[in-house]
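Report on the following structure.
The values are calculated or read from the model by the stated rules, or taken from the named source; none is laboratory data. These figures come from a predicted structure and were not determined experimentally. Cβ coordinates were reconstructed from backbone atoms using ideal geometry, including for glycine residues, and neighbour counts include every protein chain displayed.
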Amino acid sequence: MDGNPINAHGGGILFDHNTYYWFGEIKSGKTIRVKEDTSWENFRVNAGGISCYSSHDLLHWKYEGLALATVPNDSSHDLHPGRVIERPKVIYNQITGKYVMWMHIDSRDYSYARAGVAVSDNPAGPYTYLGSMRPNGAMSRDMTLFKDTNGRAYLISTSENNATIHVNELTSDYLKPSGKFKRILIGLNREAPAIVKHNHKYYLITSLCTGWDPNEAMYATADSVMGHWTPKGNPCAGENNLKTFNSQITFILPVRGMQGKYIFMADRWNKADLPDSRYVWLPLVFQNEKIMIQWVGKWRF
């Protein structure tokens, strides 16, 4: 990236017209701890908006600019720097011709717990913010987006004070929940959901809820997105597998043109200096319907 670090944390990738678009949180400035929130180590920086980078080969990246800017002059706005803007994901809607971004929107103490949505005519943006909501009236924190092969889309988010994951079906324009949702992994206290479909089966990887500190990943499987999800255990193997290689998952990327090849994308958070947080990308492979992620220092498909 021309010698500049990529600033796209908690990110996700859209593949569109032979180009990969990486969206993520901009983290810059001083890291502080929110003193009024004593329930956990609530370290944060002022929200910087959502960045976008593009690549044709996943190795060389071009900065496309701000996909979604903050609104610094209105402290009541969801996109004010004093709020939380996290884990952006983008999918394309063939019906409307719009690119749709969903993200976690919250207050400093994480009590707001909402999902925000924005749209654009172009994959890199800029995106127009439409507002936020609690999907189907329920809390929504860490989240991901999933577009199935039949065109249906789902917002999958941590809910019920992080105790349970909600799978929310979206309307045909992808702009709001349809009203149909499924509670899964009930009472297991999972967050950071990332989903992939492989050989007609669905796989969801999540982390435990330990703030910025790494923990053991777990995956679950289902025969349909809104069906029953069965926990299967830790997909990581090798040294530091119980701490997900000192990282937290954010996205599973199918590699175009390589059937069955996937990339495990994660953040290595530095809670004392969040802008200095790094990224972990590893090959994710399937062995007899089981996920396997192993640490390798250098790799290529």
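The residues of segment 85-103 that are in contact with a Pro (Cβ under 9 Å, 6 or more places away or on another chain), farther than 20 Å from Leu274 by Cβ and either of a type in the set (A, V, I, L, M, F, W, C) or assigned to a loop (DSSP other than H, G, I, E, B) (or both), listed by number, are Val90, Met101, Trp102.
Give Glu239, Glu216 a once-over and let me know the one that is farther than 30 Å from Val119 by Cα, among the acidic types (Asp, Glu), in contact with a strand residue (DSSP E or B) (Cβ under 7 Å, 6 or more places away or on another chain) and not in a strand (DSSP E or B). Working first, answer last.
Numbers: Glu239 fails: in contact with a strand residue (DSSP E or B) (Cβ under 7 Å, 6 or more places away or on another chain).
Of the residues listed, the single one that is farther than 30 Å from Val119 by Cα, among the acidic types (Asp, Glu), in contact with a strand residue (DSSP E or B) (Cβ under 7 Å, 6 or more places away or on another chain) and not in a strand (DSSP E or B) is Glu216.
Among the residues of segment 258-279, those identified as part of a strand (DSSP E or B) and either over 25 Å from Lys201 (Cα atoms) or modelled with pLDDT under 95 (or both) are Asp267, Arg268, Arg278, Tyr279.
Count of segment 148-171 residues, restricted to those that are assigned to a loop (DSSP other than H, G, I, E, B), among the small types (Gly, Ala, Ser) and either touching a helix residue (DSSP H, G or I) at 6+ places or on another chain (Cβ under 9 Å) or surrounded by 13 or more Cβ atoms within 10 Å (Cβ to Cβ) (or both), is 1.
Kindly indicate whether any position in segment 193-210 is assigned to a loop (DSSP other than H, G, I, E, B) and of a type in the set (Gly, Ala, Ser). Checked segment 193-210: no residue is assigned to a loop (DSSP other than H, G, I, E, B) and of a type in the set (Gly, Ala, Ser).
From the list Ile95, Ile91, the lone residue that is hydrophobic (A, V, I, L, M, F, W, C) and surrounded by fewer than 16 Cβ atoms within 10 Å (Cβ to Cβ) is Ile95. For His60, the conditions (1) more than 18 Å from the chain's Cα centre (by Cα); (2) within 23 Å of Thr144 (Cα to Cα); (3) not polar (S, T, N, Q) all hold with the exception of (2). Would it be correct to say that Gly131 is crowded, with 24+ Cβ neighbours inside 10 Å and farther than 27 Å from Leu208 by Cα? For Gly131, the condition - crowded, with 24+ Cβ neighbours inside 10 Å and farther than 27 Å from Leu208 by Cα - is not met.
Scanning segment 73-84 finds one or more residues that are in a strand (DSSP E or B), buried (at least 16 other Cβ atoms within 10 Å of the Cβ) and of a type outside the set (Lys, Arg).
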